[in-house]
Structure formats: structure tokens, C-alpha cells
Amino acid sequence: MTGRITRSQLVDRTSTTIARRFGLHDKGSLAPGKDADVVVLDPATPHPYGKATSFMNVDYDLYEGETASASVRHTFSRGTLVYDRGEIKTDPGHGRFVPRTLARALS
């Protein structure tokens, strides 16, 4: 997509700024010592929103009927492939709780 925001602005708005605002100082960027989850998007494949395409255990989707301009191809968590083209590749429990600090969230 062109004429909107740059790739760097997308990363900043969806990762870096969000991590800082929520006090997650070890998240939000790809750098030594950071804990990053990486999502690989496929801009050529739109993705429809809806309960049929969601992994959530709910009977509704706020964006039901809308379509995203790209789809998630892969997701890596702590270096492990956890999602691959529509299929979850890890067992329950792979995720871990990351505590946040309120002091950093406010600064």
C-alpha cells in the first residue's frame, strides 16, 4: 500500500510506541537484549475478519465482514515459529507472562 504510512511508521505505531506506553521496556524493537515477537505479513493476500477466521473462542468479531489489506504468513515468538499460514504450530503454554512497570508506562 502506498500513500499512507511508511513501514517504519507502522512498526513504531504497532510495536515500539505500544510497548513503551504499556511499560514493556524489553519489548517493541529488534535489538540485542530485547524480547521480540516477529510477524511476517503477506501484502498480496487480503484477510477477511470474522469469527470463522479467528482463533479466539468467541461467537462474534468486532470487525466481522471487514477485510485487512494483508494477511499474517508467519509469527515467531522467542525465535520459535508459532504460526505458519493459518496453523498454530506450538503447544499451549508456549507464551509467558511479561510484567510491566507503571513508571515506564507513564514516561
Under the rule of at least 5 residues apart or a separate chain, name every residue whose amide H is placed under 5 Å from the amide H of residue 73. 40, 41, 42
Per DSSP, the loop-located trypsin sites (Lys or Arg not before Pro) within segment 1-62 having at most 14 other beta carbons within 10 Å are 4, 34
Count neighbours as other Cβ atoms within 10 Å of each site's Cβ, and list the chymotrypsin sites (Phe, Trp or Tyr not before Pro) in segment 19-63 that are DSSP loop with at most 10 such neighbours. 55, 60
Distance in nm between residue 81 and residue 63 label points, each 7 Å along Cα→Cβ, equals 2.5
Run the helix sum for the chain: -39,500 (n - 2.57) per DSSP H stretch of 4+ residues, divided by residue count, reported at 222 nm to the nearest 500 deg cm²/dmol. -2500 deg cm²/dmol
What do you get for GluC sites (Glu not before Pro) in segment 37-98 restricted to DSSP loop and a cutoff of at most 12 other Cβ within 10 Å of the site's Cβ? 66
Work out from phi, with θ = phi - 60° and the Karplus expression 6.51 cos²θ - 1.76 cosθ + 1.60, the ³J(HN,Hα) of each residue of segment 5-17, listed in order in whole Hz, and give x for Gly and Pro. 10, 7, 4, 4, 5, 4, 4, 4, 6, 9, 10, 4, 5
Which of [x] 9.0; [y] 8.5; [z] 7.7 is the computed mean projected area of the Cα convex hull in nm² for the structure on display? [y]
Around residue 98, under 9 Å between beta carbons, what's the net of Lys plus Arg minus Asp minus Glu among the other residues? +1
With the other protein chains left in place, how much accessible area per residue, in square angstrom, belongs to segment 13-95 at a 1.4 angstrom probe? 73
Could you tell me which of 54, 83, 94 has its Cα farthest along the dipole of segment 44-107 towards the positive end, charges placed at Cβ (Lys, Arg +1; Asp, Glu -1), taken about the Cα centre? 94
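The values are calculated or read from the model by the stated rules, or taken from the named source; none is laboratory data. Given the structure is predicted, the values throughout are model-derived calculations rather than measurements. Using ideal geometry, Cβ is built from the backbone for each residue, glycine included, and neighbour counts are taken over all protein chains shown. For the accessible areas, the whole protein counts, side chains as well, though only heavy atoms, and no ligand, DNA or RNA atoms are used. Shrake-Rupley method; radii C 1.70, N 1.55, O 1.52, S 1.80 Å.
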